Amino acid sequence: MLINRQAYRTIWVSGSPTAYSNIVNIIDQTKLPHHFETITIDSLEQMIAAIKTMQVRGAPLIGAAAAYGVCLALQRDTSDDYIISVAQLLIHSRPTAVNLRWAVQRMLNKILVLNPLQRLEAAWLEAAIICNEDVQLNQAIGQHGLALIKNVHAQLLSPQSRPINILTHCNAGWLATVDFGTALSPIYAAHDAGVAVHVWVDETRPRNQGASLTAWELAQHGVPHTVISDNAGGHLMQHGQVDMVIVGADRVTSTGDVCNKIGTYLKALAAFDNKVPFYAAVPSPTIDWLMIDGLKEIEIEERSAHEVSHMIGRLSNGEIAEINILPPNNLTVETQVANPAFDVTPARLVTGIITELGVYTPDQLVSIKS
Ligand code: MRU
């Protein structure tokens, strides 16, 4: 994607991919939208911290970051025991997105069969392949989603006279992947193909990935969009102002249950009640073929209370400040905070899953299992 006319991916390696002391570069997403900063990562510990603090975030991107985490660890020690312990640390750094397990397992499959002297080079190559594949998968999602958007747009009463209104939640754009995004990939493809698209962007409390990241991406690319509070989507749907919903996902079960950022389920309920088509856009590494019941089986990450009690923003003098929005602690009872970070939308509320292979109803999804 272009940022100030320079092409960027969200993660890249400095040095030769076959060298023995590479560093990994990321865009620090905790600084957006106020500052665009890149940082270098040269150790496993730093990579795990970047994933936990959400300097890198989004299911496909944390998968890619974990793959590079394995490479950085191998620069220190290539023994079986060490690699297996590192794999567990990476997989558990954020529990909900299945892409972490998928990417780390793929790295293990590649390197554990090799002689320790061959492992480092093979790991850097495999991580680069994972990144390139992610870009290709997301591009393909964009093309399948584009056909879908054109179809929904053509069915509107007067498609020539107004844009298609698409609601999205959280950030499933290029920042959440290596490039292109998942939910936003079809939107970029439609915009680039000349389809008039307008995006309703849920702000996505508590961390505001919609207001901070999705709005920033869409603004960079020139896609018309409007940020709304998380509670506004249902009202807009009741008044015919949402033509379709497209979200990303952190894990989709083999039966089509969609686990995504907290609040997605409420949007799906409102969409169902208002007959608005609800799609999840996911590359196949986000599908967990081992799971069949998302509500019972998916571990929902509980994040810190601080994310709910505090907000970060830009003051009128340009300074970035963090404020506490809760009552003070010295009242009769202390205010408690809970912060479940994801929810599960049952397959019955999902119109379709947009994958790199095409668009499937939840019950058709299992047909693409290879
Ligand atoms: O907690 P986050 O910001 O990592 O959550 C991200 C989401 O929920 C995205 O919608 C999901 O990972 C899909 S990313 C293409």
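Conditions (1) within 15 Å of the ligand (Cβ to nearest atom); (2) of a type in the set (Ser, Thr, Tyr); (3) farther than 23 Å from Arg205 by Cβ, marked per residue:
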| residue | (1), (2), (3) |
| --- | --- |
| Glu299 | yes, no, no |
| Arg314 | no, no, no |
| Glu334 | no, no, no |
| Asp343 | yes, no, no |
| Arg348 | no, no, yes |
Which one of Leu148, Leu72, Leu156 is at pLDDT below 95, more than 16 Å from the ligand (Cβ to nearest atom) and touching a strand residue (DSSP E or B) at 6+ places or on another chain (Cβ under 8 Å)? Leu156
Could you please let me know if Ile325 is modelled with pLDDT of 95 or more, in contact with a helix residue (DSSP H, G or I) (Cβ under 7 Å, 6 or more places away or on another chain) and within 16 Å of the ligand (Cβ to nearest atom)? no
Check on Thr177, at pLDDT 95 or above and in contact with a Phe, Trp or Tyr (Cβ under 9 Å, 6 or more places away or on another chain): no
Within the stretch 178-195, track down each residue that is aromatic (Phe, Trp, Tyr) and either within 12 Å of the ligand (Cβ to nearest atom) or at positive phi (or both). Phe180
Taking the options Gly240, Gly234, name whichever one is assigned to a helix (DSSP H, G or I) and over 30 Å from Lys369 (Cα atoms). Gly234
Could you give every pair whose Cβ atoms fall below 7 Å, whose first residue belongs to the stretch 110-137 and is in contact (Cβ under 8 Å) with a residue 24 or more places away in the chain, and whose second residue is assigned to a helix (DSSP H, G or I) and among the aromatic types (Phe, Trp, Tyr), counting only separations of at least 6 or pairs across chains? Ala127/Tyr68
Those helices (runs of 4 or more DSSP H) lying entirely in the stretch 78-175 with at least 1 residues outside the structural domain of Thr30 (by TED's automatic domain parsing) and surrounded by 15 or more Cβ atoms within 10 Å (Cβ to Cβ): 116-154
When restricted to Ile292, Ile262, Ile320, the only residue within 11 Å of the ligand (Cβ to nearest atom) and surrounded by fewer than 24 Cβ atoms within 10 Å (Cβ to Cβ) is Ile262
Working only within the stretch 265-289, note down all residues that are farther than 20 Å from His144 by Cα and within 15 Å of the ligand (Cβ to nearest atom). Tyr265, Leu266, Lys267, Ala268, Asp288
Could you list, in sequence order, all residues of the stretch 39-61 that are in contact with an Asp or Glu (Cβ under 7 Å, 6 or more places away or on another chain) and either free of Cβ contacts under 8 Å to residues at least 24 places away in the same chain or away from the ligand (no atom under 12 Å from the Cβ) (or both)? Ile39
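The values are calculated or read from the model by the stated rules, or taken from the named source; none is laboratory data. Quick caveat, the model's predicted, so the values are computed rather than measured. All Cβ positions, glycine included, derive from the backbone under ideal geometry; neighbour counts span all protein chains shown.
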